[in-house]
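The values are calculated or read from the model by the stated rules, or taken from the named source; none is laboratory data. These numbers were taken from a predicted model, which means no experiment stands behind them. All Cβ positions, even for glycine, are placed from backbone atoms using ideal geometry, and neighbour counts span all protein chains on display. In case anyone asks, the SASA skips ligands and DNA or RNA and just uses the protein heavy atoms, side chains included. Shrake-Rupley method; radii C 1.70, N 1.55, O 1.52, S 1.80 Å.
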Amino acid sequence: MPLLVNCLWFTFQAQKEENWGLPVLAVVTRDLRLFALEAEKCMAASGHKKPADVLERAADQIMSCFRVCVSDNRTVVERSKRLGTLVLVNQLFKIYFRINKLHLCKPLIRAIDSCDNLRFSKAQMVTYRYFVGKKAMFDSDFKKAAECLEYAFNHCFVTSQRNRRLILIYLIPVKMLLGEFPKRELLLKHKLEHFMDIAKAVRKGNLVLFSDALEKHESFFIHFGVFLILEKLTIITYRNLFRKVYLILGTHQLPLKAFEDALRFMNVEDVDIDEAQCILAGLIDKNYIRGYISHQHQKVVISKQNPFPVVK
């Protein structure tokens, strides 16, 4: 398989004015990745120390083909080899995510962003936006992640239920971090009940339910790499819990003891007045609460106008 890729690479380089070989290149590089993936699994099963090496070597060969395509600067778009760049980038994304080298995706994203005059297929754009959205999520750029993953979901073929479900597994946590929660019908339709109690707990500020739901579906969330992303929802759960304290007491000057009691009620371990202050300070710093802490009077003074801004 690597020899075939090399032969194709030399042939493709020699074609100065043609790009008819792009479909062949797409198939061969896909098969190379799949072949390397199977080889990696066999090497891992046999106890090989560095099974990922075979995927890295495959990525190097695909990258050589990518360089040939991206360096073709002819003005006639229909004959440009750059039309094949997105197919190769998507294959490289799949490898880099597999071997956990996401930093290698950045120059590929820049290269595709510079190809704004090219029209790629919808299927390839969906795959590309899916991976760019995942990378943005891991980089904590949640607005960009939501934009890319929403594009991928909305343009994914309705019949591709497996792919749509996979996109949602990353889109749902991102949207919750931006204050938008999934509907029950959507979760049931795509068999993602794992998120149901998470969404309910965050909305209601129920730390007990949130902790139980994370623990119950821990293996699922870890498998898809969203466990740590979901943990970031803890601070929004605190925000919604403390908003309940504010609504119950009905005043803009709230004793710190009330927040400590609320945390104790939610079975937060080793909580004291200092812990409550730290959480409140974090919420105020992130603009989840508008106000300030009066240490002298042991109170939180909440703004009279929009004290709990909408999460976004």
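Points worth noting:
- Gly250 vs. criteria out of contact with any Leu (no Cβ under 7 Å at 6 or more places or on another chain) and open to solvent by less than 40 Å² (accessible area, probe 1.4 Å): no
- Options Ala146, Ala123, Ala136, Ala111; residue that is within 21 Å of Lys175 (Cβ to Cβ) and either without any contact (Cβ under 8 Å) to a residue 24 or more places away in the chain or in contact with a Phe, Trp or Tyr (Cβ under 9 Å, 6 or more places away or on another chain) (or both): Ala136
- From the list Leu209, Leu241, Leu214, the lone residue that is out of contact with any strand residue (DSSP E or B) (no Cβ under 9 Å at 6 or more places or on another chain), in a helix (DSSP H, G or I), crowded, with 20+ Cβ neighbours inside 10 Å and not polar (S, T, N, Q) is Leu241.
- Contact annotation: residue pairs with Cβ atoms under 6 Å, 6 or more positions apart or on different chains, pairing a residue in region 88-103 that is surrounded by fewer than 20 Cβ atoms within 10 Å (Cβ to Cβ) with a partner that is part of a helix (DSSP H, G or I) and at pLDDT below 95, are Ile99/Leu55.
- Residues of region 105-119 satisfying the condition of being farther than 13 Å from Val132 by Cβ and surrounded by 15 or more Cβ atoms within 10 Å (Cβ to Cβ): Cys115
- Residue check for Leu186: open to solvent by less than 40 Å² (accessible area, probe 1.4 Å), touching a residue at least 12 places away in the same chain (Cβ under 8 Å), in contact with a Leu (Cβ under 8 Å, 6 or more places away or on another chain) and not aromatic (Phe, Trp, Tyr): no
- Contact annotation: residue pairs with Cβ atoms under 7 Å, 6 or more positions apart or on different chains, pairing a residue in region 267-295 that is part of a loop (DSSP other than H, G, I, E, B) with a partner that is open to solvent by less than 90 Å² (accessible area, probe 1.4 Å) and of a type in the set (S, T, N, Q), are Arg290/Ser303; Arg290/Asn306.
- Candidates Ala146, Ala136 - the one that is open to solvent by less than 30 Å² (accessible area, probe 1.4 Å), in contact with an Asp or Glu (Cβ under 9 Å, 6 or more places away or on another chain), part of a helix (DSSP H, G or I) and over 28 Å from Leu55 (Cα atoms): Ala146
- Tally, over region 94-124, of residues that are part of a loop (DSSP other than H, G, I, E, B) and under 16 Å from the mean Cα position of the chain (by Cα): 2
- Listed by first and then second residue, the pairs with beta-carbon distance under 7 Å, at least 6 apart or on different chains, first residue in region 54-72 and open to solvent by less than 20 Å² (accessible area, probe 1.4 Å), second of a type in the set (Gly, Ala, Ser) and not in a helix (DSSP H, G or I), are Asp72/Ser80.
- Residue that is farthest from Leu233 (Cα to Cα), among those in region 149-171 that are among the hydroxyl-bearing types (Ser, Thr, Tyr) and in a helix (DSSP H, G or I): Tyr151
- Close Cβ contacts (under 9 Å, 6 or more residues apart or on different chains) running from residues in region 36-48 that are under 13 Å from Ile95 (Cα atoms) and touching a residue at least 60 places away in the same chain (Cβ under 8 Å) to residues that are open to solvent by less than 60 Å² (accessible area, probe 1.4 Å) and aliphatic (A, V, I, L, M) comprise Leu37/Val54; Leu37/Leu55; Leu37/Ala58; Leu37/Ile95.
- Test: Lys135 is farther than 21 Å from Val310 by Cα and at pLDDT 95 or above: yes
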